[in-house]
Amino acid sequence: MYYSNGNYEAFARPRKPAGVDDKSAWLVGAGLASMSAAAFMIRDGRMAGERITILERLRLPGGALDGIKEPKKGFVIRGGREMEDHFECLWDLFRSVPSIEIEDASVLDEFYWLNKDDPNYSLQRATVDRGQDAHTDGLFGLTEKAQKDIVKIFLATREEMEGKRIDEVFGPDFLASNFWLYWRTMFAFEEWHSALEMKLYLHRFVHHIGGLPDFSALKFTKYNQYESLVLPLYRWLLDQGVTFRFSTEVTDIDFEITPAPDGPGRKQATRIHWVADGEPGGVDLGEDDLVLATIGSLTENSDNGDHHTPARLDTGPAPAWDLWRRIAAKDPSFGHPDVFGGDIPRTKWESATVTTLDPRIPGYIQKICKRDPFSGKVVTGGIVTAKDSSWLLSWTVNRQPHFKQQPADQIVVWVYSLFVDTPGDYVKKPMQECTGEEITREWLYHLGVPVDQIDELASSGAKTVPVMMPYVTSFFMPRHAGDRPDVVPAGAVNFAFIGQFAETSRDCIFTTEYSVRTGMEAAYRLLDIERGVPEVFGSTYDVRTLLKATSRLRDGEEVDLPGPKFLRERLMRRLDGTQIGELLTDFGLIPELGGTARRERADDAVE
Ligand SMILES: Cc1cc2nc3c(=O)[nH]c(=O)nc-3n(C[C@H](O)[C@H](O)[C@H](O)COP(=O)(O)OP(=O)(O)OC[C@H]3O[C@@H](n4cnc5c(N)ncnc54)[C@H](O)[C@@H]3O)c2cc1C
C-alpha cells in the first residue's frame, strides 16, 4: 500500500488482485470503518460480496453514526457530523455509493449539490447573558504569547508532544482566547486531552482556520447521518451480497505468533470466537481468511435516558474494549487499550436531543440564529455556544427535518456540554444527573426564554432524550507511539485493526474520515490493491495555506518585523518585487510595497 494524490491515481481503476477469489473476509463491527473496508474490498479489490461477513453485536449497522426514533422516547442523535471537502477517503467511497434520495446520483453528488445550493455558515457563533450576542465577531483574540504557543506546537515533533496534555503546552493566554473557545467546543477537546492530537488537528485543518469562527469550513448531510450515510452504504453492501450478522458479539480472536530474532516475525489470526444470540460460536481461519477488527468504540455502553429519566453512566463490561484488551494481551504490537478506555471520568460526556413541540421555542431559536428554522435550509450553521454557561453548553439545529419521519411542525435540536459534572446555571445540577426535561430547562434558560415560561415549556413544549457516552473522547487521551496498533501490524498476514484506535499516519481522530481511511488502508494492504490510498490533504505543506492561516490567526494584523527601523526598511526593499514579497503581501502579512501590490489570488485553489 502506498499513498498518492492528484487525478491520475484518483481516477485509476485497479486491476483484480491475484488470488482474491480464494479469500474471504470477516469484519468485526458494523460501523463506518468495517462497512467502508467491505466496500473497498468489493469495488477496488473485486472481492465477491458473498465472501464478506460483518459481525455486529447490536441489531443495526452504523455504530457511532446514528439517528433513530426510539419508541416512546423520541428522536435521538448522539452527535452531528461536521464534515469537510478534504475527507479524501470518505468521498472516494461515497462517490460510488448510490444515493437513496436522488435517482442516478451518488451520495457524494447529493451532498455536493446540497452544500453548493445551501452553503453552511453561522450568523451567531456564541451567546452570553442568556441569548445575547457574545460578540466574538469572527475574531480569534490571540495575544502574541498565544500565537507563539500555536507556532511552537505546530513546529514541535510528534515525539515532543507525546504523553502531554493540552494545558501543559498551551499557556493561560491561549486558553482564555476565542480561538480555544471555538476549537474546544467544535471538536470537543478538554484541557486534559492530548497535545499530540491537538497538534495533528492544527496540521490537518490548517486550510480551514479562516472558516472556523463562522463554520463556513463545514459541510453537513441532508438528514441525520444514519439516514444520509449509513443506510445508502448498508443497502449497497447488501446488494453486493455482503452478509450482516447482527446480535453477534465477538469475544476473542486467536493468533498464531511466530517470533523471529531479526524482525517482526509472522502473525496469523486463526480463529474468531463469538456469542450469537446467546450461543457461543466462531470460525477457524486460514491464511486466506482475512479479519478486520474494529477495536474500541467511542459510543460503547452509551445509555439513553428520556424526558423524565437521566441517562446512566455505564461503567460495566464494555465488549468493544474488552475484546481489544484480550487481543492486546497477546502481542506488544496490538496496542494499549487502557490508555484510552481506562479513565471514564476524563472521557465521558453527554449530549441530548430535544424535539420541540411548542411553536414558541422555534421563535427563540430564530432570534439567535437569525434564520427561519423551518426553511429546510441551514439553520444555526454549526453549534452555538453559551460561553458563560457553567456546563459550557452548545447546541445546534441542522437543516430540518433532520429525520425523514419528523412532523413538519417540530424541530430537532442537538445539545451537548463539555463539563457534565458541574451544576447548571438554572438547573442547579450537573448535566449527567439531569432528566431530559431538566436539560431542556437549562438550554431554554441560555436561549433567553423568560424565566416564568421555562418550566412550562420544558415540561410540555419539548421532548428530550439525554445520552451519556462514557468513552466518547477516549481517543483524545494523551498517548505515546505504540499505544494504538498499526492498521496492519508488522508481520500480520491476514488481519488488520480498523477504526478510531488504529494508527495511521497524519490523519486525526473523532472523524468519519479516520474510520474510512483505516478501512481503506486495511483493504488495500490485505488484498494488495495496486492503486494509491489518497494521502491526508497536504495543506500543511502548502506555503500559501500557511501564510493565509497566519494572517487569520493574527485577526488580519500585519506582522511586526523585528529590529531597528533602518533594517526593517532594508528588508522590505529587498522583498519588493520578489516571489516571497508577493506572497507575504497577497496574504496580508506585510503592507503593499513599492512595486508589489496585493492581488486577489484567483489563480489558485487556496480556500
Ligand atoms: C457525539 C459524536 C459526535 C461526532 N462528531 C463528528 C464530527 O463532527 N465529524 C466527524 O467526521 N465525525 C464525528 N464523529 C465520529 C464518527 O461518527 C465516528 O468516528 C465513526 O462513526 C466511528 O466509526 P467506527 O466504525 O470506527 O467505529 P464505531 O462507530 O464505534 O463502530 C464500531 C462498531 O463495532 C461494534 N462492535 C464493537 N465491538 C464489537 C464486538 N466485540 N463484537 C461485535 N461488534 C462489536 C459496535 O457495536 C459498533 O457498531 C462523532 C461521533 C459522535 C459519537
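How many residues does the range 202-247 contain that are within 18 Å of the chain's Cα centre (by Cα), among the charged types (D, E, K, R) and closer than 30 Å to ASP104 by Cβ? Number satisfying all stated conditions: 3. Taking residues in the range 351-373 that are over 20 Å from ARG78 (Cα atoms), and partners anywhere that are away from the ligand (no atom under 16 Å from the Cβ) and acidic (Asp, Glu), the pairs with Cβ atoms closer than 7 Å and at least 6 places apart or on different chains are PRO359/ASP409; GLN366/ASP372. For ASP555, are the conditions met, namely being in contact (Cβ under 8 Å) with a residue 24 or more places away in the chain, exposed (fewer than 13 other Cβ atoms within 10 Å of the Cβ) and not in a helix (DSSP H, G or I)? So ASP555 fails the test.
Name the residue, out of ARG78, ARG46, ARG59, ARG51, that is surrounded by fewer than 22 Cβ atoms within 10 Å (Cβ to Cβ) and touching a residue at least 40 places away in the same chain (Cβ under 8 Å). Reasoning before the result, please.
On the way: ARG78 fails: surrounded by fewer than 22 Cβ atoms within 10 Å (Cβ to Cβ); ARG46 fails: touching a residue at least 40 places away in the same chain (Cβ under 8 Å); ARG51 fails: touching a residue at least 40 places away in the same chain (Cβ under 8 Å).
Testing whether each residue is surrounded by fewer than 22 Cβ atoms within 10 Å (Cβ to Cβ) and touching a residue at least 40 places away in the same chain (Cβ under 8 Å) leaves just ARG59.
If only residues of the range 500-521 that are more than 7 Å from the ligand (Cβ to nearest atom) and small (Gly, Ala, Ser) are counted, the one that is surrounded by the fewest Cβ atoms within 10 Å (Cβ to Cβ) is SER505. Listed by position, the helices (runs of 4 or more DSSP H) enclosed by the range 88-201 that each have at least 3 residues that are touching a helix residue (DSSP H, G or I) at 6+ places or on another chain (Cβ under 6 Å) and not aliphatic (A, V, I, L, M) are 88-94, 144-155.
Yes/no per residue for (1) among the aliphatic types (A, V, I, L, M); (2) within 16 Å of the ligand (Cβ to nearest atom); (3) part of a loop (DSSP other than H, G, I, E, B):
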site: ALA12; (1), (2), (3): yes, no, yes
site: LYS16; (1), (2), (3): no, no, yes
site: TRP26; (1), (2), (3): no, yes, no
site: SER34; (1), (2), (3): no, yes, no
site: ALA38; (1), (2), (3): yes, yes, no
site: MET47; (1), (2), (3): yes, no, yes
site: ILE54; (1), (2), (3): yes, yes, no
site: ALA64; (1), (2), (3): yes, yes, yes
site: PHE75; (1), (2), (3): no, yes, no
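Against the list (1) of a type in the set (A, V, I, L, M, F, W, C); (2) closer than 24 Å to ALA188 by Cβ; (3) under 21 Å from the mean Cα position of the chain (by Cα), the condition PHE75 fails is (3). Take LYS330 and decide whether it is touching a Leu at 6+ places or on another chain (Cβ under 8 Å) and not β-branched (Val, Ile, Thr). For LYS330, the condition - touching a Leu at 6+ places or on another chain (Cβ under 8 Å) and not β-branched (Val, Ile, Thr) - is not met. Taken across the range 408-415, residues that are touching a helix residue (DSSP H, G or I) at 6+ places or on another chain (Cβ under 7 Å), surrounded by fewer than 23 Cβ atoms within 10 Å (Cβ to Cβ), of a type in the set (Asp, Glu) and modelled with pLDDT of 95 or more do not occur at all. Among the residues of the range 522-554, those identified as within 16 Å of the ligand (Cβ to nearest atom) and in contact with a Leu (Cβ under 9 Å, 6 or more places away or on another chain) are ALA522, ALA523.
Please enumerate the residues belonging to the range 297-332 that are more than 14 Å from the ligand (Cβ to nearest atom) and either at positive phi or in a loop (DSSP other than H, G, I, E, B) (or both). I'd like the intermediate steps shown before the answer.
Within the range 297-332, the subset more than 14 Å from the ligand (Cβ to nearest atom) is 305-310, 312-313, 315-316, 329-332.
Selection gives GLY305, HIS307, HIS308, PRO310, ARG312, LEU313, THR315, GLY316, ALA329, LYS330, ASP331.
Search the range 77-106 for residues being of a type in the set (Lys, Arg) and within 16 Å of the ligand (Cβ to nearest atom), and hand back the single one that is farthest from ALA39 (Cα to Cα). Can you show your working first?
Keep residues of the range 77-106 that are of a type in the set (Lys, Arg), which gives 78, 81, 95.
The next check asks that each one be within 16 Å of the ligand (Cβ to nearest atom); those that pass are 78, 81.
Working: ARG78: 25, ARG81: 21 Å.
The qualifying residue farthest from ALA39 (Cα to Cα) is ARG78.
The values are calculated or read from the model by the stated rules, or taken from the named source; none is laboratory data. Nothing here was measured: the structure is a model prediction, and the numbers come from that model. Cβ sites come from the backbone with ideal geometry, for glycine too, and all protein chains shown count toward neighbours.
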